[in-house]
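Down below is the structure, laid out as structure tokens.
Each reported figure results from applying straightforward, stated rules to the coordinates on display, with no laboratory input. None of these values were measured; they are calculated from a predicted model. Note that we place each Cβ from the backbone using ideal geometry, even for glycine, and neighbour counts take in every protein chain shown.
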């Protein structure tokens, strides 16, 4: 799993092109402010059950840590299958995101997912301080 975590003063998306027909339709734009956005790429190797549990724990730990450093409780999970050549099955990835979202919410975070299976138009405003952009390979 690869994750690019970017703290954003403003993050806006608008669904543009649906790429995975089996997932729900979305057409509504959303805007978030003071959000920790996680661009997450699940790889095929992540589908192993033991590995999946371990990276779920590591991902949550990393998201809580970086959100704390950037003084926010708002986390956006965004599927971004462009950080590696290997890709996990979309059903696995969506279920993984749902588990991570639930666990973060149970820990007191406000968590949202961008529409799964879409290419999105994005507008971002991100500050240029040291922990505003962090990349991890889990």
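Using equal-weight Cα scatterers in the Debye expression, the normalised intensity of the stretch 97-138 in log10 at q = 0.18, 0.25, 0.26 Å⁻¹ is -0.89, -1.08, -1.05.
The shape of the stretch 59-138 can be summarised by an equivalent ellipsoid whose semi-axes, obtained from the alpha carbon gyration tensor, come to 21, 17, 13 Å from longest to shortest. By the beta-carbon count within 10 Å of each Cβ, the least crowded to most crowded order of 98, 85, fewest first, is 85, 98. Taking label points 7 Å from Cα along the Cα-to-Cβ direction, residue 130 and residue 20 give a separation of 3.7 nm. Average projection, convex hull of the Cα set of the stretch 1-91: 6.4 square nanometres. With N as its number of residues, the stretch 11-62 has a Cα radius of gyration that, divided by 2.2 N^0.38 Å, comes to 1.50. Computing FRET efficiency as 1/(1 + (r/R0)^6) for residue 48 and residue 27, where r is the C-beta to C-beta distance and R0 is 41 Å, gives about 0.70.
Which of 135, 39 has the fewest other C-beta atoms within 10 Å, and how do the rest follow up to the most? Don't skip to the answer; put the middle values down first.
Values: 135 11, 39 19.
If I rank by nearby Cβ atoms, fewest first, I get 135, 39.
Listed by Cβ neighbour count within 10 Å, with the fewest neighbours leading, 84, 29 appear as 29, 84.
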